[in-house]
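Some notes on the structure that comes next.
The values are calculated or read from the model by the stated rules, or taken from the named source; none is laboratory data. Values in this document were obtained by computation on a predicted structure and should not be read as measured data. Cβ sites come from the backbone with ideal geometry, for glycine too, and all protein chains shown count toward neighbours. With ligands, DNA and RNA removed, areas are computed over all heavy atoms of the protein, side chains included. Shrake-Rupley method; radii C 1.70, N 1.55, O 1.52, S 1.80 Å.
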Amino acid sequence: MIEGRAAMTEVTERPVGTRYFAASATVPNNPLLPVVILRGAFAPAPSDEIIARMAANGWGGAWAWTVFDYHHYHPDAHEALAVAAGEARLQLGGPEGTELAVTAGDCLVLPAGTGHCRLSQSRDFRICGAYPPGQELFITRQANAQAGADAPVIAQVPLPQTDPIHGADGPLVRIWGRALSPG
């Protein structure tokens, strides 16, 4: 936390959404883990405060910018996307996936292999991305007909030990843990 600023101390744990995406012809997605959607997870804050929060929870390789306007995925890394300002429409799961509106304070955590693309954004849209430890040097692949070949790489990506916003007891840890539990 950054001293003198209260915005990132106002972290909330609201109902959490999840969404699974099946593999498509051009995007592998993740067969076991859902996208975790944390609506209003934090009070809107400057990018540096959001990046500091994610770093305090062990997520690194952070950046603040936008989302590429073409379908792409990371076969070797999970990715947290926290909206610092504005709003956007993203498409998750590849060209056949789902459109999702996001706004300041929302956080998405995409499991390795999940396709994503920016469809539109407000002028002030700014999003912060970060990755679990050891996954900061990741590959970005544009959607392609050979995407299925990345399935073995995706299967080997380790789960993060913390939620990027809520830490060790956050919803991401519980949801992904349950997704991989037998029974």
TODO: Any chance you could run the full-extension gain for Thr18 through Ala168? It's 0.36 nm times the residue separation minus the Cα-Cα distance, nm to one decimal.
DONE: 52.1 nm
Open item on the list: For the chain, what does the helix formula give at 222 nm: sum of -39500 (n - 2.57) over DSSP H segments with n ≥ 4, over the residue count, nearest 500 deg cm²/dmol?
Closed with: -3500 deg cm²/dmol
Task: Distant-in-sequence amide H partners of Ala130 (H built 1.01 Å from N, under 5 Å) - done: Ala80
Task: Stretchable slack from Arg39 to Trp63, in nm (0.36 nm times residue separation minus alpha-carbon distance) - done: 6.6 nm
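Where the eigenvalues come from the Cα gyration tensor of region 1-132, what are the semi-axes √(5λ) of the equivalent ellipsoid, largest first, in whole Å? Kindly include the intermediate steps, with their values, before the conclusion.
Values: eigenvalues 119, 46, 34 Å².
One finds semi-axes of 24, 15, 13 Å for region 1-132.
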TODO: On the protein heavy atoms, probe 1.4 angstrom, tell me the percent of accessible surface of the chain carried by carbon and sulfur.
DONE: 54
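Which net charge results when you count Lys and Arg as +1 and Asp and Glu as -1 among the other residues whose beta-carbon is under 10 Å from that of Ala104? Show your work: numbers first, answer last.
Values: positive: Arg126; negative: Glu87, Asp106, Asp124.
Within the 10 Å Cβ shell, the charges total -2.
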Task: Label-reachable residues, region 95-129, where backbone N falls under 19 Å from a point 7 Å from Tyr70's Cα toward its Cβ - done: 95-97, 113-121
Task: the chain: most fluctuating residue of Ala62, Ala43, Ala101 per GNM, C-alpha cutoff 10 Å - done: Ala101
Task: Heavy atoms of Phe42 accessible to a 1.4 Å probe, total area in Å² rounded to 10 - done: 10
- [ ] For Ala77, list long-range residues whose amide hydrogen, built 1.01 Å from N in the peptide plane, is under 5 Å from its own amide hydrogen.
- [x] Gly113
TODO: Provide the per-residue ³J(HN,Hα) series for region 101-113, in order, calculated from phi with Karplus coefficients 6.51, -1.76, 1.60 and θ = phi - 60°, each as a whole number of Hz, with x at glycine and proline positions.
DONE: 7, 10, 9, 3, x, 7, 9, 10, 10, 9, x, 3, x
TODO: Find the accessible area per residue for region 18-84; the probe is 1.4 Å, ligands and nucleic acids are left out, and the unit is Å².
DONE: 35
- [ ] Could you pull out every residue, at least 5 positions away or on a different chain, whose amide H is within less than 5 Å of the one on Phe42? Hs are placed 1.01 Å off N in the peptide plane, and Pro or chain starts have none.
- [x] Thr12
Task: Cα Rg, Dmax, region 53-106, angstrom units - done: 12.2, 35
Task: Residue-normalised accessible area of region 97-144, expressed per residue, 1.4 Å probe, Å² - done: 41
Task: Acute angle (nearest 10 degrees) that the helix 47-56 long axis makes with the longest principal axis of the chain, alpha-carbon atoms - done: 70
